[in-house]
Amino acid sequence: MSRSTLSVVVCALALAVTTTSSLGAQALEPIRYTLRFPAPHTHYVEVEAAIPTAGRADIEVYMATWTPGSYLIREYERHVEAVTAANGSTPLRVEKSRKNRWKITTQGARTVTLRYQVYSREMTVRNNWVEAGFAMLNGAPTFLTLPDGGKRPHEVTVELPAAWKGVQTPLMPVAGTATTFRADDFDTLIDSPIIIGNPVVREFTVDGKKHALVLEGDPSLFDADRAAIDVKKIVEAGRNVMGPLPYPHYYFLNMVVETGGGLEHKNSFLTMSGRYTTRTHRSYMGWLGLVAHEYFHNWNVKRLRPVELGPFDYENENYVKTLWVAEGFTDYYAEVLPRRAGLATREEFLDGLSDSIEAVQTTPGRLVSPVNMSSYDTWIKQYRPDENTANTSINYYPKGAVIAFLLDAKIRKSSNEARTLDTGMQWAMQRYSGDKGYTPDQFYQVMSEAAGSDLKGWFAKTAESTEELDYTEALDYFGLRFRPTDPRNARAYLGGGTRNDAGRLIVTSVRRGTPAIDAGLNVDDEILAIDEVRVRADGLVARLDQYKPGDQVTLLVARRDKLTRIAVTLGAEPGRAWRLEVPPTATDAQKARLTAWMGQ
């Protein structure tokens, strides 16, 4: 998945491995789909599927309920309608057998033709969007298949509306065709987005392999030429970290649709951005970080994976405790790759790492839930945050990134710079990529070998407990420190999150350890006044600036329309106490190690 939900990016993991199949590995007749868009402005794709029956009296077809890399049951079948089946011109009986399954009576037909429509109007990287100008389709919410058809080939033919000129997808084209594509198995089909319309495409080659930056939506203001040059640099930086490019080709599919998000696939990724992304340095660097994150997944998750992530059960949750490696380590390399590619400055690199550290250290839930359990509970927490989430859980994206930073320093120090985290990731890739997958203990072991010392106890503290992370060794090794803050400049602090709700100042969250929770402020309270003077919805920060830490104030709030006064002792705003910098006292040896780590 994408980069961290910290940046509202939900990132997301979609590994293409072989699903369990009762049909064995023998050659199987493919399921053949045809996609049509007779009225794309209505947001529908019509799907026709020719499904072999092997002579069975009845068959069952199903739709995935979630998509790998985005760990929440999405109930894609809710958008499916008008399901019919036929043998030639003879209608066949179709009966819904489960929420996401349909049973078809074949009447002895060797092949049945299944037809259905999918409503496609959810602009996210995990779903479908169809409109007059283009279509963006993902596999999980589009294709019905046989429950035992995982190893069966699947072919897709796209019938283009007159105004649409092409199809961009990592699926392999069938020889002699421009709009028919083949997946060797269902996992590959699920793992291959399809973009249809009139995209802007920029191709480049690295190590003899084709790469394509594909822009659809409104890319008129997006600098495709500049982006392709810089994406190529990220590809080269990734290869330098992890070794040879493991794919036949790679598609960078970017929808320019004024929203965000990213989801990785085996030979591609799908991201979303705005039309002005390349206009400002900050937004462009944010996009390049997203690109680096999703691209690094082609090694970390798509090929080097936790053992639980394959074969996939597309109808039920697939629980895993090491998403802090799969996503968090990828977030770390999302900072590393742009720096090593010469696209980010040293200051930008340290700022990105500081953001992850700050996110961890200012989240009360870090003392409640170990990061491995946040991973395990992703199905019920990560994609369903509420006002209390920060109090009870830790996001495995930033904490995993911070663990990667600390581990990189530890391996470098223990091996006297002979090995790095890159080394450990390469060794893990060699041992556990493909159909193997790794257990937590196996991952700990390979990293211990890279360090030359047993790190199992260290991982037990950092990933499997709620102990505070120890930054001492890493900071000392690289000659870094957390930027000192002056308490005399601290601002008064309430601690409750708020929103402007049509002019009403509404409390949206109350974190543990803040004046707000100590005083009894509640989520959904409407703050009306401070010390009997009205505070407007956009004026809370300015009003608090009139006070000092330690001042006692009285809030007038409306709680379910009843007026209540709450006494609060204001605290000191936490400030940015977790910002990394190089102190003047850094030694030459520390500076040399810093340069070896993050470049000139």
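Please state which of the following conditions Asp408 fails to meet, knowing it meets all the rest: (1) outside any loop (DSSP other than H, G, I, E, B); (2) open to solvent by 10 Å² or more (accessible area, probe 1.4 Å).
The number of the failed condition is (2).
Report yes if Glu387 is open to solvent by 40 Å² or more (accessible area, probe 1.4 Å) and either touching a strand residue (DSSP E or B) at 6+ places or on another chain (Cβ under 7 Å) or of a type outside the set (Ser, Thr, Tyr) (or both), otherwise no.
Yes, satisfied.
Go through region 254-265 and give me each residue that's buried (at least 24 other Cβ atoms within 10 Å of the Cβ) and not in a strand (DSSP E or B).
Across region 254-265, the qualifying residue is only His265.
Quick one: in region 569-600, of everything that is surrounded by 15 or more Cβ atoms within 10 Å (Cβ to Cβ) and among the basic types (Lys, Arg), which residue is nearest to the chain's Cα centre (by Cα)?
Selected residue: Arg579.
For Gly149, state whether it is crowded, with 22+ Cβ neighbours inside 10 Å and in a helix (DSSP H, G or I).
Considered against the rule, which asks whether it is crowded, with 22+ Cβ neighbours inside 10 Å and in a helix (DSSP H, G or I), Gly149 comes out as no.
Leu544 fails exactly one of the following numbered conditions: (1) farther than 29 Å from Val368 by Cα; (2) touching a Gly at 6+ places or on another chain (Cβ under 8 Å); (3) open to solvent by less than 40 Å² (accessible area, probe 1.4 Å). What is the number of that condition?
(2)
Looking at Ala163, is it open to solvent by 20 Å² or more (accessible area, probe 1.4 Å) and either free of Cβ contacts under 8 Å to residues at least 24 places away in the same chain or in contact with a Cys (Cβ under 8 Å, 6 or more places away or on another chain) (or both)?
no
Exactly one condition in (1) outside any helix (DSSP H, G or I); (2) touching a residue at least 40 places away in the same chain (Cβ under 8 Å); (3) on the phi < 0 side of the Ramachandran plot is false for Lys591; which is it?
The failed condition is (1).
Can you tell me which residues in region 278-305 are surrounded by fewer than 24 Cβ atoms within 10 Å (Cβ to Cβ) and among the hydroxyl-bearing types (Ser, Thr, Tyr)?
Thr278, Thr280, Ser283, Tyr284
Can you list the strands (runs of 3 or more DSSP E) found entirely within region 418-533 that contain at least 1 residues being of a type in the set (S, T, N, Q)?
496-501, 504-510
Filter region 44-55 down to residues that are exposed (fewer than 15 other Cβ atoms within 10 Å of the Cβ) and either in contact with a Gly (Cβ under 9 Å, 6 or more places away or on another chain) or in a strand (DSSP E or B) (or both), then give me how many there are.
1
Looking at Ser453, Ser465, can you tell me which residue is in contact (Cβ under 8 Å) with a residue 60 or more places away in the chain and open to solvent by 20 Å² or more (accessible area, probe 1.4 Å)?
When all the criteria are applied, what remains is Ser465.
For Met136, only one of the following conditions fails: (1) out of contact with any helix residue (DSSP H, G or I) (no Cβ under 6 Å at 6 or more places or on another chain); (2) surrounded by fewer than 23 Cβ atoms within 10 Å (Cβ to Cβ). What is its number?
Of (1) out of contact with any helix residue (DSSP H, G or I) (no Cβ under 6 Å at 6 or more places or on another chain); (2) surrounded by fewer than 23 Cβ atoms within 10 Å (Cβ to Cβ), only one is false for Met136: (2).
Scan region 548-568 residue by residue and report those that are surrounded by 15 or more Cβ atoms within 10 Å (Cβ to Cβ) and not in a strand (DSSP E or B).
Pro549
Considering Val523, Val533, which residue is surrounded by 13 or more Cβ atoms within 10 Å (Cβ to Cβ) and either out of contact with any Gly (no Cβ under 9 Å at 6 or more places or on another chain) or not basic (Lys, Arg) (or both)?
Val523
Does Asn254 qualify as being in contact with a helix residue (DSSP H, G or I) (Cβ under 9 Å, 6 or more places away or on another chain), touching a residue at least 40 places away in the same chain (Cβ under 8 Å) and farther than 21 Å from Asp218 by Cβ?
Criteria not met by Asn254.
Filter region 286-331 down to the residues that are aromatic (Phe, Trp, Tyr) and either without any contact (Cβ under 8 Å) to a residue 12 or more places away in the chain or not in a loop (DSSP other than H, G, I, E, B) (or both), then identify the one that is nearest to Lys381 (Cα to Cα).
Only one residue fits best here, namely Trp324.
Among the numbered conditions (1) modelled with pLDDT under 95; (2) among the acidic types (Asp, Glu); (3) within 29 Å of Lys302 (Cβ to Cβ), tell me where Asp486 comes up short.
(3)
Keeping to region 182-193, report how many residues are buried (at least 24 other Cβ atoms within 10 Å of the Cβ) and not in a helix (DSSP H, G or I).
4
The values are calculated or read from the model by the stated rules, or taken from the named source; none is laboratory data. Bear in mind that the values here come from a model prediction, so they are computed numbers and not experimental data. For neighbour counting, all protein chains shown are included, and Cβ atoms are generated from backbone atoms with ideal geometry for every residue, glycine included. Please note that ligands, DNA and RNA were not included when accessible areas were found on the heavy atoms of the full protein model with its side chains. Shrake-Rupley method; radii C 1.70, N 1.55, O 1.52, S 1.80 Å.
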